[in-house]
Every structure is written in C-alpha cells, then in structure tokens.
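Single-structure report; data block below.
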Amino acid sequence: MDNIKKFCAEFIGTFVLVLFACGTATVVGCNGAEPNGAYILTALAFGLVIVAMAYSIGNVSGCHINPAVSIGVLLTGGMTVSEFFLYIIAQFAGATAGAAVLGALVGFDSSLGANGLYNNSIIKSLIIECILTFVFVLVILSVTSKKKYEKFAGLIIGFTLTLVHIFGIYFTGTSVNPARSFGPAIFKGGEALTSYWVFLVAPLVGGALAAVVFKALIKSKDAE
C-alpha cells in the first residue's frame, strides 16, 4: 500500500509540474533569448510548483518528482533500488500525462516547454545541465538532511529551482529533470526528441555528483 501511495504521489507531482510549469512557459511565450516578464514568470512557475507539491505530497513520497533527485537520494542511502525504479516509472508516466493534457489544451504544435540545445552544442548543453542539476540536488540533499530546516525545506528547494531557471532558461530552457523533459519531447518530436538524451544523461550525472559531494563534504562534516 505504501508503494502505491508513493507511486501516486510522484505521478501527481510530476503531472502538475509539467502541466503548470511547462504550461506557463507555453502560454506566456517564454523565449530564453529574451529576458522579459515571460522568462521570470516561467522560472517562478517551476519554483512555485515545487513549493506547492512539497507541502502536499512531500510527506507521502518526499516529493522527488525528478529522476535526478531520486538518484541522489538513492546514492545517499535514502531509498532502495526497487523504490528508485518505482519512482522513475511514476515520474515519467506523470510527465507524459501532463504533457498530453497540456498539448490537448494549447495544441501540440505549441512549444510545450520543450528543452533545446544551447547554440546547437551538445557539449555546452551537457555541461550547463550537469551544473544546474548538481546545484539543485545538492541543496535538496542538504536541507532535507537537517531537522532544523524541516519546516522551510519546501520553500528553500522551490526558491533554488527558481534560481536555477532564472540562470538556465537562456541556455537550454532548463531541464534538470529527465522526466520533465521527456513528456514535452515525446509530443513535440523532431529536435526536442533527438536531443532528449542530453536532458536524460546530464541531470542524472549532476544528481549523482551532488550525492558524492554531499556524502564527502556535508554529511561527513555533520557527523564530526
């Protein structure tokens, strides 16, 4: 029963993330090359979704709603391998459903908040996404490991995701989440789908690196 609840929570959380945050990017016409109001609204939408979900489903599944977060939690001993794969399935299913509903509402010829390569460079895009995800996941692992931050963890994580988007939208549209990128890419096809592997690999690497640094520096320091 607990696994079913966790699956449902992760499905709902990722569904909401894609529908509301990617949906905001779509309806306000966010263009990473133009640092305007649409740019800021999109960054805020991603952060606010995390805040909302953290304080609603966080006590059920931890509100990962992101495979990069789940791999960080897995590598720091916060979940089992079987739970990890359960979360991954739920996250990808939720993201796909969210993108499907968004496409039905605004049209599948819209942007759907799909990610893209920075200057058509695979290397630059991999580096950017890896760094962005590293920062995001490191913050998550750090604040959720300290009881004194318990009440404010959702806010801290949400603001961090907003910050990551404010910087990263210009480059790749900001993924930091393989599931979030998968949903729109499936329905957009074309370049969004062919370059999707970048937004799968880089966030997972960034999340794994964050786990390594957390265990080596932050967790070890707290144990002293």
Within segment 1-37, considering residues that are small (G, A, S) and at pLDDT 95 or above, the one farthest from F85 (Cα to Cα): A25
Qualifying residue in segment 96-109 (condition: without any contact (Cβ under 8 Å) to a residue 12 or more places away in the chain, assigned to a helix (DSSP H, G or I) and more than 20 Å from F15 (Cα to Cα)): no
Matching residues in segment 173-186 - criterion: being of a type in the set (V, I, T), buried (at least 20 other Cβ atoms within 10 Å of the Cβ) and over 15 Å from T26 (Cα atoms): V176
Given (1) out of contact with any Cys (no Cβ under 6 Å at 6 or more places or on another chain); (2) touching a residue at least 12 places away in the same chain (Cβ under 8 Å), index of the condition T42 fails: (1)
Given (1) touching a residue at least 12 places away in the same chain (Cβ under 8 Å); (2) within 20 Å of P35 (Cα to Cα), number of the condition S142 does not satisfy: (2)
Helices (runs of 4 or more DSSP H) contained in segment 164-224 and holding at least 1 residues more than 24 Å from L141 (Cβ to Cβ): 178-188, 190-194, 196-213
Selection count where residues are over 17 Å from the mean Cα position of the chain (by Cα) and either polar (S, T, N, Q) or crowded, with 19+ Cβ neighbours inside 10 Å (or both), scope segment 71-82: 5
Any chance Y118 is closer than 24 Å to L75 by Cβ and among the aromatic types (F, W, Y): no
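The values are calculated or read from the model by the stated rules, or taken from the named source; none is laboratory data. Keep in mind that this is a model prediction, so the values were computed, not measured. Counting neighbours? That spans all protein chains shown, and the Cβs are built from the backbone with ideal geometry, glycine included.
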